[in-house]
Amino acid sequence: MGPRELLQILALVLLCLVHLFVGRLHFLHRGKSWLSFSGGAAAAYVFVYILPKLGYQQLILSGAAPAGGWLGYLQHHAYLVAFLGFLVYFGASRAGQCVEPVDRTPPEGLSHPLDILHILSVVLYALLVGYLVADYQRPGSAPIALATIALTMHFVGSDHVVAQRYGRLYDRFIRWSLVGATIAGACIGVLTTLRPTIVALWFAFLAGAIIIIVLEEELPEGDHGDFWWFFAGAVFFSVLILGVQMKSV
């Protein structure tokens with residue numbers, strides 16, 4: 001087992017630990033500085049890493065052998081697939097917000113369709129991330145380490161929002177579902193070999209999902225955010241991404 005494979009395993013373990021224990025990170029409830037810093041880092045991850053990477057995936061799709069049917073059409077529209085991911089997760093997020101606390105089933109079970117839709121979308125998102133981390137093929141350890149830091153901070157923020165919304169239900173059920181989905185996605189990445197076009201489309205869909213999750217759930221609002229901590233997180237992570245990219249050139 002080489003350094004890259006070891007780092008991939010560590011990344012998956014770290015993501016699973018975030019899913020399991022983010023509800024017990026009580027400092028997230030007491031202060032807004034960390035969440036603002038995490039939101040800034042997540043925004044930098046979207047604009048400095050995800051969007052340029054999406055352009056690279058479009059080049060892969062454009063250079064691939066023509067395919068028939070819907071895949072042949074989507075093969076030239078990575079940004080359309082990203083927009084589809086954006087719409088799906090935006091709808092799922094708004095579905096969860098539409099359920100008022102008085103209408104929501106107590107955290108012992110799930111019965112409201114909108115809650116179920118939202119949680120299923122979060123679990124699918126963890127599955128996608130688990131697959132892409134396990135299937136990461138770019139040589140070198142720095143890109144994997146960068147993605148691990150970004151995804152860890154990203155999930156600390158997004159899982160915190162889900163844990164706040166669903167209370168004990170997150171602790172009893174949702175967090176274990178997220179861990180299971182992450183591991184299942186990793187197993188798919190290890191045991192299967194998908195065509196580069198499929199991986200590129202999957203990444204595009206995930207990119208759209210990351211964008212809306214960051215904008216909808218991680219950016220601080222009003223009194224819940226601190227602009228200067230957000231700014232510091234954005235600058236810090238932008239410099240980190242650019243430094244890794246310059247080193248790998």
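The values are calculated or read from the model by the stated rules, or taken from the named source; none is laboratory data. Bear in mind the structure is a predicted one, so any value in this text is a computation, not a measurement. Virtual Cβ from ideal backbone geometry, glycine too; neighbours counted across all protein chains shown.
Among the residues of region 159-215, those that are of a type in the set (S, T, N, Q) and outside any helix (DSSP H, G or I) comprise T192, T193. Scanning region 148-168 for residues that are among the β-branched types (V, I, T) and within 13 Å of W34 (Cβ to Cβ) yields T152, V156. Note on region 228-247: among residues that are modelled with pLDDT under 85, more than 13 Å from G39 (Cβ to Cβ) and not charged (D, E, K, R), the one that is farthest from the chain's Cα centre (by Cα) is M246.
Contact annotation: residue pairs with Cβ atoms under 6 Å, 6 or more positions apart or on different chains, pairing a residue in region 168-195 that is surrounded by 13 or more Cβ atoms within 10 Å (Cβ to Cβ) and modelled with pLDDT of 90 or more with a partner that is assigned to a helix (DSSP H, G or I) and small (G, A, S), are L178/A126; A181/A126; T182/A126; T182/G130; G185/G130; A186/G130; A186/A134.
Among the residues of this structure, L51 does not count as one that is over 28 Å from F230 (Cα atoms), at pLDDT 75 or above, within 15 Å of the chain's Cα centre (by Cα) and part of a helix (DSSP H, G or I). With respect to (1) modelled with pLDDT of 85 or more; (2) loosely packed, with under 13 Cβ neighbours inside 10 Å, the lone exception for L127 is condition (2).
Taken together, T152, T148 contain a single residue that is at pLDDT 70 or above and surrounded by fewer than 18 Cβ atoms within 10 Å (Cβ to Cβ), which is T152.
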